[in-house]
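Data first, discussion second: the structure below is written as structure tokens.
The values are calculated or read from the model by the stated rules, or taken from the named source; none is laboratory data. Computed from a predicted model, the values in this text were never measured in an experiment. Heads up, the Cβs are rebuilt from the backbone with ideal geometry, glycines too, and the neighbour counts pull from every protein chain shown. Ligands, DNA and RNA are excluded from the accessible area calculation, which covers all protein heavy atoms including side chains. Shrake-Rupley method; radii C 1.70, N 1.55, O 1.52, S 1.80 Å.
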Amino acid sequence: MKILMVCLGNICRSPLAEGIMKHKAAEHGLDWHIDSAGTGSWHSGQLPDRRSIAIARQKGVDITYQRARQFHTGDFEQFDMIFVMDTQNLSDVLRLAATPAHREKVALILDQTSPGQRLSVPDPYYDDNGFEEVFNMLDEACHHFIQRHI
């Protein structure tokens with residue numbers, strides 16, 4: 001299974017989602033490829049936000065090896081599943097989808113815990129206190145996805 005996590009800048013939410021899913025997949029012996037990207041390019045090459053790194057480390061997940069990159073249309077061919085963090089990311093990614101098969105790969109990550117409710121993972125960038133809540137939301141969503149695939 002190849003999974004891509006997508007948010008706006010690829011420094012807060014999607015790096016956490018990538019790290020959490022990798023950690024959970026490894027715990028279950030799953031040989032999955034998991035990556036992350038942002039719909040914007042302004043953070044390309046940068047480490048995840050220091051607050052994402054800190055909350056991940058506190059929860060036993062290392063994301064310090066990650067570097068931000070921008071989502072590109074080739075990702076539709078490379079990945080089986082593309083999880084987006086919010087409805088704006090969903091619109092931005094779907095706008096780049098060239099085929100119905102590409103569109104079918106894209107879903108809101110919180111549909112794993114709240115199917116059909118179109119819930120968004122809040123962007124914690126401007127709220128120092130939001131990173132733990134975001135981690136917990138993503139942890140639960142990744143847990144549900146893993147449980148359906150083991």
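Looking only at residues that are polar (S, T, N, Q) and over 17 Å from the mean Cα position of the chain (by Cα) in the range 95-135, which one is most open to solvent (accessible area, probe 1.4 Å)?
As a first pass, look at the range 95-135 and keep what is polar (S, T, N, Q): 99, 112-114, 117, 120, 129.
Still in the list and also over 17 Å from the mean Cα position of the chain (by Cα): 99, 117, 129.
Working: Thr99: 52, Gln117: 116, Asn129: 135 Å².
Applying the filter and picking the extreme gives Asn129.
Hey, among Asp86, Asp92, which residue is crowded, with 16+ Cβ neighbours inside 10 Å and within 13 Å of the chain's Cα centre (by Cα)?
On the way: Asp92 fails: within 13 Å of the chain's Cα centre (by Cα).
Answer to the selection: Asp86.
Restricting attention to the range 111-146, which residues are of a type in the set (A, V, I, L, M) and closer than 19 Å to Val61 by Cβ? Walk me through how you get there before you give the answer.
Applying the first criterion (of a type in the set (A, V, I, L, M)) to the range 111-146 yields 119, 121, 134, 137-138, 141, 146.
Val121, Val134, Met137, Leu138, Ala141, Ile146, listed by residue number.
Only residues in the range 54-73 that are in contact (Cβ under 8 Å) with a residue 60 or more places away in the chain and closer than 12 Å to Glu18 by Cβ count as the first member; pair them with residues that are hydroxyl-bearing (Ser, Thr, Tyr) and in a loop (DSSP other than H, G, I, E, B), Cβ under 9 angstrom, at least 6 apart or cross-chain, and list the lot.
Ala56/Thr64
So Ile34 ticks every box in (1) surrounded by 20 or more Cβ atoms within 10 Å (Cβ to Cβ); (2) farther than 27 Å from Tyr126 by Cβ; (3) not acidic (Asp, Glu) but one. Which box is left unticked?
Condition not satisfied by Ile34: (2).
Filter the range 140-150 for residues that are part of a helix (DSSP H, G or I) and open to solvent by 50 Å² or more (accessible area, probe 1.4 Å) and give the result.
At the first step, the residues of the range 140-150 found to be part of a helix (DSSP H, G or I) are 140-149.
Of everything in the range 140-150, those that are part of a helix (DSSP H, G or I) and open to solvent by 50 Å² or more (accessible area, probe 1.4 Å) turn out to be Glu140, His143, His144, Gln147, Arg148, His149.
For residues that are among the hydroxyl-bearing types (Ser, Thr, Tyr) and within 21 Å of Ser52 (Cα to Cα), scanning just the range 112-150, find the one that is modelled with the highest pLDDT.
Ser120
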